[in-house]
Amino acid sequence: MRTINFNISSNDDNKQIKQFLKEFGVSSSLLTKLKHTENGITLNGAFARTIDELHNGDLLTINIADSGSMHRPAKMDIEIPYEDEDIIVLNKPPLVPVHESRNHIGDTLSNFVAYHCSQRTAFRAVFRLDRDTSGLVLVAKNELAAAKLAGKIKKDYYAVVAGKITKDGVIDAPIARCGDSIIKRMVNDSGERAITEYYPIKSNGYSTLVRFNLQTGRTHQIRVHMEHIGHPLLGDSLYGGDCTKINRQALHCKDIYFVHPITEKQMHISCDFPDDIKGLI
């Protein structure tokens, strides 16, 4: 159960509870669940209806019941750069999937979160990374946090790519499936628009460390776009990358920026590069 208190100010005087909660980001479905949860909504410690009015100085409380179920718990060595009652940020190691699948049961981030968190609640990764991509993954601990964060995370990706890049650039090229493959993608006019901003950080002549900002979120976008301009990611065998120095694509989500779903404070979480990428840079 997640209990959230709201101290009502004069700005919300005479608003109905349902209006206040919807403005805060509570969905219609969650509002319905709160109405059917014992003490789901209280006003100054007493049962309240969603049509009741708020007044300056009131204390409004909602109690969000745990929902869904987690995967089987598994103890794993995974760093947690940040955690509170509503979110947990994990530094995903390379080669660890986010979700369970037919080929990965009991060895994913969802299994670790089930082990780490004692309460039973659904695994709500706000965004996902490919199995081979390392870095930050944000997980919401309740459905209000998940709903308010969806699509609102700014991410800084870093990759080590082949060749020397000296100038910032923008790649605006549509991405489509590659033939009959269910995995591989390619730049093709029949695809969806994809825009990648890239900023070279440093180069050793053979390769370049590059920071990326994505204006769109297409599958394999960074990998496809960098192959398209002749600078595939090191270790990326699917898109022609050199695999002699690293055994997975050298791609890492290092920084995330977002507004906290409950406190509404600006958040910036960062993590270090894993050892295999450090070895390249």
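Annotations for the structure displayed:
For every residue, the table says whether it meets (1) in contact (Cβ under 8 Å) with a residue 12 or more places away in the chain; (2) in contact with a Lys or Arg (Cβ under 8 Å, 6 or more places away or on another chain); (3) part of a loop (DSSP other than H, G, I, E, B).
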position: 30; (1), (2), (3): yes, no, no
position: 37; (1), (2), (3): yes, no, yes
position: 57; (1), (2), (3): yes, no, yes
position: 66; (1), (2), (3): yes, yes, yes
position: 71; (1), (2), (3): yes, no, yes
position: 76; (1), (2), (3): yes, no, yes
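- Identity of the residue in the stretch 1-28, without any contact (Cβ under 8 Å) to a residue 12 or more places away in the chain and surrounded by 15 or more Cβ atoms within 10 Å (Cβ to Cβ), that ends up farthest from the chain's Cα centre (by Cα): 19
- Residues satisfying the stated conditions in the stretch 243-275, i.e. farther than 20 Å from residue 138 by Cα, in contact with a strand residue (DSSP E or B) (Cβ under 9 Å, 6 or more places away or on another chain) and surrounded by fewer than 18 Cβ atoms within 10 Å (Cβ to Cβ): 245
- Of all residues in the stretch 63-94, those that are of a type in the set (Ser, Thr, Tyr) and surrounded by fewer than 15 Cβ atoms within 10 Å (Cβ to Cβ) total 2.
- Residue within the stretch 92-102 that is within 30 Å of residue 134 (Cβ to Cβ), under 29 Å from the mean Cα position of the chain (by Cα) and free of Cβ contacts under 8 Å to residues at least 12 places away in the same chain present: yes
- Residue ID - nearest to residue 256 (Cα to Cα), chosen from residues in the stretch 200-232 that are of a type outside the set (A, V, I, L, M, F, W, C) and touching a helix residue (DSSP H, G or I) at 6+ places or on another chain (Cβ under 6 Å): 223
- Residue that is touching a Ser or Thr at 6+ places or on another chain (Cβ under 6 Å), among the β-branched types (Val, Ile, Thr) and on the phi < 0 side of the Ramachandran plot, where the choices are 165, 175, 201, 183: 165
Throughout, read-outs are computed from the coordinates displayed, never taken from laboratory work. Bear in mind the structure is a predicted one, so any value in this text is a computation, not a measurement. Every residue, glycine as well, gets a Cβ built from its backbone with ideal geometry; the counts of neighbours run over all protein chains shown.
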